[in-house]
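Below is one structure, written out as structure tokens; the observations come after it.
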């Protein structure tokens with residue numbers, strides 16, 4: 001929220017804005033620092049005091065709420081780029097991400113198969129993904145999807161060029177796949 005920057009831009013102290021909005025300076029301070037949730041009536045009073053619409057008050061001053069920047073992980077030769085499409089907890093605690101996998105599949109099952117509670121689901125947007133699922137090696141082509149129990153050891157690689165997937169992860173899957 002832009003309350004603090006708008007207040008300071010006018011040269012107002014916490015006390016000035018709090019008085020104009022009819023709330024206590026301590027409440028306003030906690031709202032500005034994110035230590036207190038703002039109610040709709042407080043938001044409305046603050047926007048009126050600042051002479052701004054509700055949209056102007058809550059819009060981001062930059063493009064950080066619009067542009068999703070990639071996170072590249074080339075450690076251990078992973079060749080993985082991830083775009084997190086949900087912020088914080090997504091719907092029903094799920095995380096949606098787009099992944100670009102460049103690490104090529106080999107002729108043998110890799111030794112870094114992971115296990116975690118839950119299920120993973122992905123669809124291949126382009127290229128071909130190779131899903132190592134226990135002892136099985138499954139090719140998932142563009143336009144196809146896969147869903148599986150993550151208690152089975154698993155890993156993803158690409159086949160003969162990059163593969164891009166859209167993946168939905170529960171909390172355990174997010175922690176295992178995106179924070180390792």
Qualifying residue in segment 122-130 (condition: at pLDDT below 90 and surrounded by fewer than 16 Cβ atoms within 10 Å (Cβ to Cβ)): no
Close pairs (9 angstrom Cβ cut-off, 6 or more residues apart or separate chains): closer than 16 Å to residue 58 by Cα in segment 8-35, at pLDDT below 85 and surrounded by fewer than 14 Cβ atoms within 10 Å (Cβ to Cβ) anywhere: 31/37
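A quick yes/no check of all residues on (1) surrounded by 11 or more Cβ atoms within 10 Å (Cβ to Cβ); (2) at pLDDT 85 or above; (3) assigned to a loop (DSSP other than H, G, I, E, B):
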residue	(1), (2), (3)
20	yes, yes, no
23	yes, yes, yes
27	yes, yes, no
36	yes, no, yes
52	yes, yes, yes
57	yes, no, no
62	no, no, yes
65	yes, no, yes
Test: residue in segment 151-171 that is loosely packed, with under 15 Cβ neighbours inside 10 Å, within 16 Å of the chain's Cα centre (by Cα) and at pLDDT below 85: yes
Complete set of residues in segment 2-18 that are in contact with a helix residue (DSSP H, G or I) (Cβ under 7 Å, 6 or more places away or on another chain) and surrounded by 14 or more Cβ atoms within 10 Å (Cβ to Cβ): 2, 3, 4, 6, 7, 14, 17, 18
Test: residue in segment 115-134 that is out of contact with any helix residue (DSSP H, G or I) (no Cβ under 7 Å at 6 or more places or on another chain), free of Cβ contacts under 8 Å to residues at least 12 places away in the same chain and over 10 Å from residue 155 (Cβ atoms): no
Yes/no for residue 92 being at pLDDT below 90 and in a helix (DSSP H, G or I): yes
Qualifying residue in segment 98-112 (condition: closer than 27 Å to residue 67 by Cβ and part of a loop (DSSP other than H, G, I, E, B)): yes
Candidate set from segment 99-114 (those that are within 14 Å of residue 158 (Cβ to Cβ) and touching a residue at least 60 places away in the same chain (Cβ under 8 Å)); member that is surrounded by the fewest Cβ atoms within 10 Å (Cβ to Cβ): 102
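The values are calculated or read from the model by the stated rules, or taken from the named source; none is laboratory data. Note that the structure is predicted; figures quoted are calculated from it, not measured. Heads up, the Cβs are rebuilt from the backbone with ideal geometry, glycines too, and the neighbour counts pull from every protein chain shown.
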